[in-house]
Amino acid sequence: MAGRRGPGLVGRVVTAFLVAAALSGVCVGEAPRPPACALARGELTVDDLPAGSSVFDCLAVGRVVTHEGAGVAVPEPGTTVSVDALTVDGSAHGFTLTVAADGTVSYAYEAARTQAAARARADAPAPCVDSAYSTEGRKEYDTYEWFIGDGPLPGRLSHAEGRQAFEDAIATITTSRNDCGYDDRVTAKARFLSATGNEAGIDREGRCTRRDGLSVWDAGDIGGEAVATTCSWSRPVPGGPEELLEADVRFNTRGFPFTDRPAGACTHAYDIRSVATHEAGHVFGLGHSGAGHENLTMYANSFACSTDARTLGKGDVLGLRSLY
């Protein structure tokens, strides 16, 4: 009886392929998966993590992404983060990064602009005539509960004085306080909770860091260009603006002087309540008014020694009414 013959050449090839496929984790008939996104170390730009990227493939959550001088830490899926800066010349320094529930990244940018602010302001419409406004696509659906940081405050205010100044500014937004004769139809609400050892989620470069669950108003060093910065985090709401999760505000006391009582001797200090009212506008979903609207509270500069932004203009009120 003839001996049993071993497997032929074809059999050996098929067997070898199956073994190799099993060892590599690729099933027969399944296309190999594309390699994961690889990001360089350090800060990223929006070109390094372009729209359409996946934070899962790129391991991007928590990484800092920058655009034209502004920056944010990539939030967890299902979250949007926005950075808005108040600047000396009214130039735009801000953008929004959204991570969808499936991990996909998208951006929204504020149009860059720089003005000869003093000259342009004289030519701009009066605040009670100007109806311009923009919104950020988010709102506070319940009550904005906020804390005050326990460190030094702008203008060397005590914590009691700082709380009063910030509360007054926030109330200007929630009650749509204005000198134009518009009644209060805005349903926004806010409540101060306490002082806290937590800091606003804003670093020394004015970038939004990862949120900690507390909305904190404080002061510190946020780089040389921003007078103050607001960082806001939100999540989608079906059929409506996104829901605010947290909004932190920081005054740049390293780069700018502040006062709660501008007077005739004031030359370059910023009015705390004017700046705070502008930042509170961002908290409740207002965006910057554009060039040519320098007399509105939500213009990107509150102007040194001016108290004009303590009350709202027509466009500021209409923006709030569109949200609330």
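What to note about this one:
- Residue list for the stretch 58-95, restricted to those being in a loop (DSSP other than H, G, I, E, B), aliphatic (A, V, I, L, M) and modelled with pLDDT under 95: Val88, Ala92
- Matching residues in the stretch 309-319 - criterion: being under 21 Å from Phe166 (Cα atoms), part of a helix (DSSP H, G or I) and out of contact with any Phe, Trp or Tyr (no Cβ under 7 Å at 6 or more places or on another chain): Ala309, Arg310
- Scanning the stretch 262-277 for residues that are surrounded by fewer than 16 Cβ atoms within 10 Å (Cβ to Cβ) and within 29 Å of the chain's Cα centre (by Cα) turns up just one, His268.
- Of the residues contained in the stretch 304-314, one or more are found to be acidic (Asp, Glu) and either modelled with pLDDT of 95 or more or buried (at least 24 other Cβ atoms within 10 Å of the Cβ) (or both).
- The condition of being surrounded by fewer than 24 Cβ atoms within 10 Å (Cβ to Cβ) and not in a strand (DSSP E or B) holds for only one of Glu242, Glu246, Glu205, that being Glu205.
- Residues of the stretch 152-169 satisfying the condition of being among the aliphatic types (A, V, I, L, M) and surrounded by 15 or more Cβ atoms within 10 Å (Cβ to Cβ): Leu153, Leu157, Ala165, Ala169
- The listed residue being touching a helix residue (DSSP H, G or I) at 6+ places or on another chain (Cβ under 8 Å) and touching a residue at least 40 places away in the same chain (Cβ under 8 Å), out of Val237, Val216, Val227: Val227
- Residues satisfying the stated conditions in the stretch 145-171, i.e. touching a helix residue (DSSP H, G or I) at 6+ places or on another chain (Cβ under 6 Å) and over 18 Å from Tyr270 (Cα atoms): Ile148
- The lone criterion from (1) touching a helix residue (DSSP H, G or I) at 6+ places or on another chain (Cβ under 8 Å); (2) at pLDDT below 95; (3) among the hydroxyl-bearing types (Ser, Thr, Tyr) left unmet by Thr297 is number (2).
- Filtered residues of the stretch 130-145 (kept if assigned to a loop (DSSP other than H, G, I, E, B) and within 20 Å of Ala92 (Cβ to Cβ)): Asp130, Ala132, Tyr133, Ser134, Glu136, Gly137
- Unmet requirement for Tyr141, which otherwise passes all of (1) over 30 Å from Leu97 (Cβ atoms); (2) modelled with pLDDT of 95 or more; (3) surrounded by fewer than 20 Cβ atoms within 10 Å (Cβ to Cβ): (1)
- Scan the stretch 170-185 for residues that are surrounded by 20 or more Cβ atoms within 10 Å (Cβ to Cβ), assigned to a loop (DSSP other than H, G, I, E, B) and hydrophobic (A, V, I, L, M, F, W, C) and the total you get is 0.
- For the stretch 36-57, the set of residues classified as touching a residue at least 40 places away in the same chain (Cβ under 8 Å), of a type in the set (S, T, N, Q) and outside any loop (DSSP other than H, G, I, E, B) consists of Ser54 only.
- Taking (1) in contact with a helix residue (DSSP H, G or I) (Cβ under 6 Å, 6 or more places away or on another chain); (2) farther than 23 Å from Leu323 by Cβ in turn, Tyr133 satisfies each apart from (2).
So that you can scan it fast, the table gives a plain yes or no per residue for (1) assigned to a loop (DSSP other than H, G, I, E, B); (2) hydrophobic (A, V, I, L, M, F, W, C); (3) within 23 Å of Ser234 (Cβ to Cβ); (4) modelled with pLDDT under 95:
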position: Leu97; (1), (2), (3), (4): no, yes, yes, no
position: Asp102; (1), (2), (3), (4): yes, no, yes, no
position: Ser106; (1), (2), (3), (4): no, no, yes, no
position: Thr114; (1), (2), (3), (4): yes, no, no, yes
position: Ala118; (1), (2), (3), (4): no, yes, no, yes
position: Cys128; (1), (2), (3), (4): yes, yes, no, no
position: Phe147; (1), (2), (3), (4): no, yes, yes, no
position: Ala165; (1), (2), (3), (4): no, yes, no, no
position: Asp168; (1), (2), (3), (4): no, no, no, no
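The values are calculated or read from the model by the stated rules, or taken from the named source; none is laboratory data. Just so we're clear, the structure is a prediction, and the values are computed from it rather than from any experiment. Please note: Cβ atoms are built from the backbone with ideal geometry, for glycine as well, and neighbour counts cover all protein chains shown.
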